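Have a look at the structure below before the remarks.
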Amino acid sequence: MIPDTLQVALITDSGLFRPTLFTMWSLLRHSSEPLKLHFWGDALSREEWQAVETVARDAPGCALHLREITADELAGAQSQAAHISAATMGRLFLPRRLSGRVLYLDGDVGVTGDVAPLRRVDLGGSPLGAVRDFMTAKRASREEPGAPPATYFNAGVLLMDCDALRRRPEGLDRLEDVAHASSLRMGDQDHLNQLYPGEAHLLNPAYNSSWGRTAAQRGFARKLGGEASETAELADVMVHFHGPKKPWKRARYDLWSQRARAVQAYRKQMRAYANAYPDLSF
């Protein structure tokens, strides 16, 4: 059944709050349809919650739902990487709190196209829709020894069927085991891949472009036998700046590289955002 409205979830703490708010703004700016937006926060200040409401209020038809993540939910949650917030493990609790299809985005994602069509994507009975992880797919396409499975997905953009996930035989308690997820090298991304190995419907890389390297991602997918929907030529919808380097930091990039062009496009949107919300710029 196709939902009438796409639900989107963003989750952050104060450390990544401003980039996450920018992600929300870029999402709302490009959507052709009203969205139901769930913004979850870990120990955000009153001023930060007010900032979320301010940005959402400027988006026609946006239905905003705010929620404070509880200390019990994140008890035992730790990140093994300094640039990844433990608050992102809040996504593991989305199926318990929400129903229907939910699009989850990390706070280092820049939205450059319309996400609304994702409400109509056929997941083929899968509980998740996701894009193959760039580095894993690269290694698998080269048949490197010890490479993770070719279907290993990146969890920075997830299309979650919350109802299907609640019906899973392993139950929500196992999904919400943040202590186990924290013990893994890639945290809850590894955790999700362990729980649902080979079960995610593989989305087109346009929906989770690794630093703008979408053409390379499609090439990996073709070598790995990706279906037509995964390898079709689509304009980027979401660009994910995963890893310790971030586009809002003033690191230098080769001006001719695809990564640099993606950073420049992100910063161009940042300037438009800063003009609209100078007190919320970063």
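Only the coordinates and a few stated rules stand behind these numbers; no lab work does. Predicted model, so just to flag it, every value in this text is computed and none were measured. In this analysis, Cβ positions are derived from the backbone assuming ideal geometry, glycine residues included, and neighbour counts consider all displayed protein chains.
List the longest stretch of the chain that has no exposed loop site; here a site is one of the trypsin sites (Lys or Arg not before Pro) assigned by DSSP to anything other than H, G, I, E or B, with at most 16 other Cβ within 10 Å.
1-141
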*Taking neighbour Cβ counts within 10 Å as the exposure measure, how do 2, 69 sort from fewest upward?*
2, 69
*Cβ-defined net charge surrounding residue 125, 10 Å radius [Lys, Arg +1; Asp, Glu -1]*: -3
*asked:* With +1 assigned to the C-beta of every Lys and Arg and -1 to the C-beta of every Asp and Glu, and no other charges, what is the dipole magnitude of the chain about the Cα centre in debye, to the nearest 20?
replied: 1020
*Calculate how many DSSP beta bridges within the chain are antiparallel, expressed in % of all such bridges and rounded to the nearest 5.*
35
*Consider just the alpha-carbon atoms of segment 1-126 and return their Rg together with their Dmax, both in angstrom.*
14.4, 42
*Over segment 86-160, how many percent of alpha carbon pairs lie in each 5 Å bin up to the one with the longest distance?*
3, 13, 21, 21, 19, 14, 7, 2, 0
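Going by how many other beta carbons lie within 10 Å of each one, how would you line up 173, 58, 108, fewest first?
Fewest-to-most Cβ neighbours within 10 Å comes out as 173, 58, 108.
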*Quick one: how many lysine pairs in segment 7-280 have C-alpha atoms under 24 angstrom apart, if they're 8 or more apart or on different chains?*
6
_As an exercise, find the ratio Rg/Rh for the chain from alpha-carbon atoms, using the Kirkwood inverse-distance average for Rh._
0.93
*Which is farthest toward the positive dipole end of the chain among 11, 215, 64, measuring Cα position about the Cα centre, with Cβ charges +1 (Lys, Arg) and -1 (Asp, Glu)?*
215
